[in-house]
1. Considering only region 34-80, state which residues are of a type in the set (D, E) and in a strand (DSSP E or B).
2. Can you tell which of R77, R55, R39 is on the phi < 0 side of the Ramachandran plot and open to solvent by 90 Å² or more (accessible area, probe 1.4 Å)?
3. Which residue is surrounded by the most Cβ atoms within 10 Å (Cβ to Cβ), if the candidates are limited to region 63-74 and must be farther than 16 Å from R20 by Cα and touching a residue at least 24 places away in the same chain (Cβ under 8 Å)?
4. Collect the residues in region 27-39 that are hydrophobic (A, V, I, L, M, F, W, C) and more than 11 Å from V57 (Cβ to Cβ), keeping them in residue-number order.
Amino acid sequence: MRFIWTDQNSAHVSGHGLSRTDVEAVFDALDAAEMETERAGRWIVEGTVEGKLFRVVYALTGPHEVYPITAHRIRRRRTR
């Protein structure tokens, strides 16, 4: 999987206290769970990294290409 990082999305996730490495690790988490959002073209992945639960909102920009939009630590998983 290739992650598309720009100054904008890098600054946005770092503003929430996460690094690029943190965000990318969520996708590889053993408990990673993905779901669609109500907004077309956007997805969510939630997963535990180093004992902390995170949510990443992203868009698919091509085959195996992910554009992280935002990410933050969460207390519990989204229910669907």
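The values are calculated or read from the model by the stated rules, or taken from the named source; none is laboratory data. Everything quoted here is computed from the prediction, not taken from an experiment. All Cβ positions, glycine included, derive from the backbone under ideal geometry; neighbour counts span all protein chains shown. Areas reflect the complete protein model, heavy atoms only, side chains present, ligands, DNA and RNA absent. Shrake-Rupley method; radii C 1.70, N 1.55, O 1.52, S 1.80 Å.
1. Here is the first cut: in region 34-80, the residues of a type in the set (D, E) are 34, 36, 38, 46, 50, 65.
Across region 34-80, the qualifying residues are E34, E36, E46, E65.
2. Details: R77 fails: open to solvent by 90 Å² or more (accessible area, probe 1.4 Å); R55 fails: open to solvent by 90 Å² or more (accessible area, probe 1.4 Å).
After ruling out the rest, the residue left standing is R39.
3. Residues of region 63-74 that are farther than 16 Å from R20 by Cα, as a first pass: 63-64, 74.
If we keep only those that are touching a residue at least 24 places away in the same chain (Cβ under 8 Å) too, we end up with 64, 74.
Details: H64: 8, I74: 12.
By that ranking, first place goes to I74.
4. Those that are hydrophobic (A, V, I, L, M, F, W, C) and more than 11 Å from V57 (Cβ to Cβ): F27, A29, L30, A32, A33.
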